[in-house]
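What follows is one structure encoded as structure tokens, with my remarks underneath.
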Amino acid sequence: MNGAIKLSQEKSVTKRYSRKIGRMGNSLGVSLPKSLADKMNVVQGDEIEFIETDEGEVLLRKVRHVELPEHVRPEVLEAFYDIFEEDRQIFDDLRDR
């Protein structure tokens, strides 16, 4: 083959943070590094959620509270979410086309 092959120099950037678990009252807690808290846009008093994946990884995400418009009922959104989760594979296949 006479052609040149371009090798990608891009590497996946993964940052790792290590913290010790401490006691907070009757619970356990960990602190967030300032750079991570800044990136997540969280401050004292904000809520974060822990999401466990099928692979056993735990994701951290800031909880975003939204107010629904007056004419939208939460139970309708919850039903839509349940249907979406049941048919997630179908939606993923459609997205990837």
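The values are calculated or read from the model by the stated rules, or taken from the named source; none is laboratory data. All values derive from a computational prediction rather than experimental measurement. Neighbour counts are summed over all protein chains in view; Cβ atoms, including those assigned to glycine, are modelled from backbone coordinates with ideal geometry. For the accessible areas, the whole protein counts, side chains as well, though only heavy atoms, and no ligand, DNA or RNA atoms are used. Shrake-Rupley method; radii C 1.70, N 1.55, O 1.52, S 1.80 Å.
Worth pointing out:
- Each residue in the stretch 55-73 was checked for being more than 30 Å from Ala37 (Cβ to Cβ) and open to solvent by less than 100 Å² (accessible area, probe 1.4 Å), and 2 of them qualify.
- Residues located in the stretch 50-69, provided they are part of a strand (DSSP E or B) and farther than 18 Å from Tyr17 by Cβ: Glu52
- Reported count of residues in the stretch 27-41, each being assigned to a loop (DSSP other than H, G, I, E, B) and under 28 Å from Glu85 (Cα atoms), is 1.
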